[in-house]
Amino acid sequence: MNNKIKKILPQIITVLFVLGIFGFFTFNAQNNMDNRGIDFGFGFLTQESSFDVQFSLIEYSGSHSYARAYLVGLLNTLLVSFISIIFCTILGVIFGVARLSSNYLIRNSAAWYVEFFRNIPLLLQIFFWYYAALRALPVPEKAGPWFGVTYMTIKGYYIPSFIWTNLDIFLYSILAVIISIIIISTYAKKLQENEGKQIPVFFISLGLIFLLPALTFFIGGVSLDFEIPALKQLSKTSYVFDGGIGLPPELIALVLALSLYTSTFVAECVRAGIQGIGKGQKEAAASVGLTPNQILKLVVMPQALRIIIPPTTNQYLNLTKNSSLAAAIAYPDLVLVFAGTALMQTGKAIEIVSITMLTYLSISLAIAAIMNWYNKKIEIKEK
């Protein structure tokens, strides 16, 4: 009984201490707000925001509520984080493997890439892409087409927009492709474990990706048209592109900086994971006739992933939180739109900062949960 008390008592004291600290700051904040005549509450979320946002994934204007403005900032944050995570992963894997290449030029070029981009502060890289690289682009009226349908200008990157007919049928085909690939991959894994046989999962998956969606165009009534950006003159000296999709320079600069900066850390995670696999396993694989590519794909990477995933998860979390630096170049993310403009207009500092903090915490926990699930899925299970 005494041992149980000794184990539980420190935990009880710790919990009470934390609750006491939290209660102290809560009481102090409430007392200060009462003295200044500040009301605490979230009713402001339903009020009209009265400010516009230059880039939004959903319909938004100043007549919408602060809750809508919060959603705009959240979606913009998720957009830049998602795109940057994809690009930094691709670059990180490429340069991580390249750093272990037997080719002198490839190995040292990858090393210089890593050392260069990871040792320059992220904020300076954002400034470089936004204020130096992208500002050197031509104005809309002087911009020439890229590939005949896109335009890269100082005001952004303009690409064709899609106009779909029977889009739901096409999306069902994509869902069918995903389910089919999961079933085939599961079957292929069991077949290899039980009988040692391999089936070309990659080529089968590639065929499904092209075949099923293509069938919807021939027999499902799906059609796709493109709206090409066209130059439009607003005044004697003002030109804009009408139609298509315009990606603002702030988004492009932020994605470039976040992707390049974070990819260097992902590359080191990949390099460490590969080097963590014993040399004997590679030699054993080579002795049975596997090519270097097969050794990397079938022997090294499946084991290295267990080493790579945990630190890479940290880099994804850092990237998502670093996206808040977007406010430095006026990209309308959650910090600029909600914790910036909305806070200034409403004065609801505690409420808005709390919501913003909880939002970033929720996003980070969601990313960590997905990566932990994947890490659990690929771990070696003893039979």
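The values are calculated or read from the model by the stated rules, or taken from the named source; none is laboratory data. Computed from a prediction, not measured in an experiment: that's the story for all the values here. Cβ placement follows ideal geometry from the backbone for every residue including glycine, while neighbour counts extend to all protein chains displayed.
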Can you find, within the stretch 134-147, the residue that is farthest from the chain's Cα centre (by Cα) among those that are aliphatic (A, V, I, L, M) and surrounded by 14 or more Cβ atoms within 10 Å (Cβ to Cβ)? A143
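Taking the residues in the stretch 181-216 that are among the small types (G, A, S) and over 26 Å from the mean Cα position of the chain (by Cα) as candidates, determine which candidate is modelled with the lowest pLDDT.
Applying the filter and picking the extreme gives G196.
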When (1) among the hydrophobic types (A, V, I, L, M, F, W, C); (2) in contact (Cβ under 8 Å) with a residue 12 or more places away in the chain; (3) in contact with a Ser or Thr (Cβ under 9 Å, 6 or more places away or on another chain) are applied to L100, the one that fails is (3)
Count of the stretch 261-307 residues which are assigned to a loop (DSSP other than H, G, I, E, B) and not hydrophobic (A, V, I, L, M, F, W, C): 4
Do the conditions hold for T150, that is, is it touching a residue at least 24 places away in the same chain (Cβ under 8 Å), closer than 30 Å to L231 by Cα, among the β-branched types (V, I, T) and exposed (fewer than 14 other Cβ atoms within 10 Å of the Cβ)? no
Would you say L78 is of a type outside the set (G, A, S), assigned to a helix (DSSP H, G or I) and under 20 Å from T320 (Cα atoms)? yes
Taking the stretch 34-47 and keeping only residues that are part of a helix (DSSP H, G or I) and farther than 11 Å from K348 by Cα, one is left with D34, N35, T46
Do we have any residue at all in the stretch 82-90 that's within 22 Å of F338 (Cα to Cα), buried (at least 20 other Cβ atoms within 10 Å of the Cβ) and β-branched (V, I, T)? no
A careful count of residues in the stretch 52-70 that are farther than 25 Å from L358 by Cβ and of a type in the set (G, A, S) gives 3
Among the residues listed as A285, A342, A366, the single one being surrounded by 17 or more Cβ atoms within 10 Å (Cβ to Cβ) and either under 18 Å from the mean Cα position of the chain (by Cα) or modelled with pLDDT under 85 (or both): A285
Flag for V53 being crowded, with 16+ Cβ neighbours inside 10 Å, outside any helix (DSSP H, G or I), on the phi < 0 side of the Ramachandran plot and of a type outside the set (D, E): yes
